Amino acid sequence: MTDADLRACRSATVLLAAVMAAALIIVYPIWGVVTFADGSFFVLSILSPDPWTLGWASYPNRLTAFLLTIVPPFLAARATGSAPFAIGLYSVIMASIPLAGLLATRMLEEKGSRLSFWCAISTIVLAFSVTFFPTEMWLAHAMIWPMLAYATRQRGVRTPILFGFALVTNFVHEAAVPLVALVLVNGYLVHRERRFLAVLAAVSLPPLVVKATVAIPNAEIQRSVHENALNFLSLDNLLNNISLTVLIGLVLLQGLILVAAPRTRRSAITVVAAVTLAAAVVLMLWPGELHVLRRYIARTIVFCGLAGFLGTMLLWRLAGLMRPALVNRAEAWMSIHRTAIALNLAVIVCVSALGHSVEAVRFLFHWHALETIIGGPPPAASALPRGVSLLFADGSRRDGTGADQSRGWPVAWNWSLPYQSAVNGSPAGRDFIVAMPAIAFSPITCETLGAMDTAQTLAPRVRVDLLKRYICSIETAARLPAPR
């Protein structure tokens, strides 16, 4: 492959990432996917009179995510009194994050830099793994790349801007702190200026102090945050139907390279197309469980991928300073094998893009059905899976007796169903909420939700009152002694 071919591949990768990211800005508002899983809890906080007290006080180390994604739609809700407008704005903000990160990286990188190309690969392979789940790691991904472009540029890096950029990123999510450190050390190796290390020391202390001194008011959240931190780097989190299909595609590619030995642009495109088509067949015959059910733990993919890239870049720069001959030999080897390297990257990108597109369609197929069910009228018991109940405003209850694999229910996020019900504005379903009574977790306490003025919330009042009653019943049941 020629240099022109490689440049065309890089441009195509950036364009593919931009198109897929832009598509989310259309998908999110139309399908209302921001109320999926934790998103329903976040939307309730947006529609409440005090989102910080209601829920975000339990996440003090994620202040940046609160200010950038929750405060704007909250202010819009207070100003307009329109829940649909506020939720729509939140949808657009969340959907715009990947594209904003890609565009910012493109704008801040130096001429001749390839960071926007690597950011595009990272967006397709890593960031889209958590699509539809409102994790703060999505925002961290979008901020790390432009920060890296800024910190490693040869000129124009101003210390106050770098400090502000790093500090704000550190308060997106606890896992952003080591990533910011890797960016700043890379910047130091580029510039060999101690101010980068000074910024690193200055921005690392505040999140650590907050983590150590600010108590989480909700004991249930404190427990879950601790458990999630322990499970965050589990290797099992890296495996899903998309990543396994990518591995299958890479194995197939190596065989095709040995047999076909592609050298021209046409032969390379043919090989990549053949592998992608085979991956499509694999996804059709072996779809696996819905990837959306693993999107929360896919935060590990985002973190490990970013840490791996930044760490590799760091080691490469260190080797360039300490063992330049070794770097020269490595660059010569990559030049000789650049066609094979490009083909492997192309397969990773194309199969990942295919997998995420397929999974998006699978999710939206079920999501629309679930939102329709929750929006009412109340379904019959046979239309509800076992373990799912309808709780009515008159105090009655309807327990499900049907199968749990019917359309819609495979994307029901157990504990969040009552919250998803509470923020669903459909008039037909305002006198009931959907719940899984066996699930005792709630990110809001009875006391906190009880203190919220229902008259001041923009969510349906009957459903919010039902949610209060349900959460208080969970806590009451938890305090009762176990039967002997």
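The values are calculated or read from the model by the stated rules, or taken from the named source; none is laboratory data. These numbers come from a predicted model, not from an experiment. Here the Cβ positions follow ideal geometry from the backbone for every residue, glycine too, while neighbour counts run over all protein chains shown. What goes into the accessible areas is simple: the full protein's heavy atoms, side chains included, and nothing from ligands, DNA or RNA. Shrake-Rupley method; radii C 1.70, N 1.55, O 1.52, S 1.80 Å.
Details
- Going through (1) closer than 30 Å to Arg294 by Cα; (2) modelled with pLDDT of 90 or more; (3) assigned by the TED database to the domain that holds Leu99 one by one, Leu247 falls short only on (3).
Residues are listed down the side, and each one gets a yes or a no for (1) in the same structural domain as Ser58 (by the TED database); (2) open to solvent by 60 Å² or more (accessible area, probe 1.4 Å); (3) under 22 Å from Asp50 (Cα atoms):
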position	(1), (2), (3)
Phe392	no, no, no
Gly400	no, no, no
Asn424	no, no, yes
Arg430	no, yes, no
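- Residue count for the stretch 138-158 under the criterion of being without any contact (Cβ under 8 Å) to a residue 24 or more places away in the chain and not basic (Lys, Arg): the result is 1.
- Qualifying residue in the stretch 120-134 (condition: open to solvent by 50 Å² or more (accessible area, probe 1.4 Å) and outside any loop (DSSP other than H, G, I, E, B)): no
- The lone exception for Ala215 - which of (1) part of a helix (DSSP H, G or I); (2) aliphatic (A, V, I, L, M); (3) open to solvent by 20 Å² or more (accessible area, probe 1.4 Å); (4) out of contact with any Ser or Thr (no Cβ under 8 Å at 6 or more places or on another chain) it fails: (1)
- Meets criteria (within 21 Å of Trp31 (Cα to Cα), open to solvent by 10 Å² or more (accessible area, probe 1.4 Å), at pLDDT below 95 and under 21 Å from the mean Cα position of the chain (by Cα)) for Pro377: no
- Every residue from the stretch 432-449 that is over 11 Å from Ser48 (Cα atoms) and in contact with a helix residue (DSSP H, G or I) (Cβ under 6 Å, 6 or more places away or on another chain): Ile433, Val434, Ala435, Met436, Ile439, Ala440, Phe441, Ser442, Pro443, Cys446
- Filter result for the condition that a residue is outside the structural domain of Val462 (by the TED database), more than 15 Å from the chain's Cα centre (by Cα) and not in a loop (DSSP other than H, G, I, E, B), over Ile25, Ile46, Ile97, Ile93: Ile46
- Residue within the stretch 56-74 that is within 23 Å of Ser421 (Cβ to Cβ), open to solvent by 20 Å² or more (accessible area, probe 1.4 Å), at pLDDT 95 or above and in a helix (DSSP H, G or I) present: yes
- Hey, Trp52 free of Cβ contacts under 8 Å to residues at least 40 places away in the same chain and open to solvent by less than 10 Å² (accessible area, probe 1.4 Å) or not: no
- Here Cys472 meets the list (1) under 28 Å from Trp56 (Cα atoms); (2) in a helix (DSSP H, G or I); (3) out of contact with any helix residue (DSSP H, G or I) (no Cβ under 6 Å at 6 or more places or on another chain); (4) open to solvent by 20 Å² or more (accessible area, probe 1.4 Å) almost entirely, failing just condition (3).
- Within the stretch 187-197, being free of Cβ contacts under 8 Å to residues at least 24 places away in the same chain and part of a helix (DSSP H, G or I) holds for Tyr188, Leu197.
- Where His173 falls short, out of the listed (1) touching a residue at least 60 places away in the same chain (Cβ under 8 Å); (2) open to solvent by 40 Å² or more (accessible area, probe 1.4 Å): (2)
- Test result for Phe163, in contact (Cβ under 8 Å) with a residue 40 or more places away in the chain, surrounded by fewer than 24 Cβ atoms within 10 Å (Cβ to Cβ) and assigned to a helix (DSSP H, G or I): yes
- Candidates are the residues of the stretch 285-308 that are of a type in the set (Gly, Ala, Ser) and assigned to a loop (DSSP other than H, G, I, E, B); the one that is modelled with the highest pLDDT is Ala298.
- When residues of the stretch 303-325 are limited to those that are more than 21 Å from Ala127 (Cα to Cα) and surrounded by 12 or more Cβ atoms within 10 Å (Cβ to Cβ), the one farthest from the chain's Cα centre (by Cα): Arg323
- Failed item, numbered, when Leu108 is tested on (1) buried (at least 17 other Cβ atoms within 10 Å of the Cβ); (2) free of Cβ contacts under 8 Å to residues at least 40 places away in the same chain: (2)
- Selection status of Leu208, assigned to a helix (DSSP H, G or I), surrounded by 23 or more Cβ atoms within 10 Å (Cβ to Cβ) and not polar (S, T, N, Q): no
Yes or no, residue by residue, for (1) in contact with a helix residue (DSSP H, G or I) (Cβ under 9 Å, 6 or more places away or on another chain); (2) of a type in the set (A, V, I, L, M, F, W, C):
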{"position": "Arg7", "(1), (2)": "no, no"}
{"position": "Arg10", "(1), (2)": "yes, no"}
{"position": "Ala21", "(1), (2)": "yes, yes"}
{"position": "Leu24", "(1), (2)": "yes, yes"}
{"position": "Ala37", "(1), (2)": "yes, yes"}
{"position": "Ser48", "(1), (2)": "yes, no"}
{"position": "Pro51", "(1), (2)": "yes, no"}
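- Scanning the stretch 75-90 for residues that are open to solvent by 30 Å² or more (accessible area, probe 1.4 Å) and under 21 Å from the mean Cα position of the chain (by Cα) yields a count of 2.
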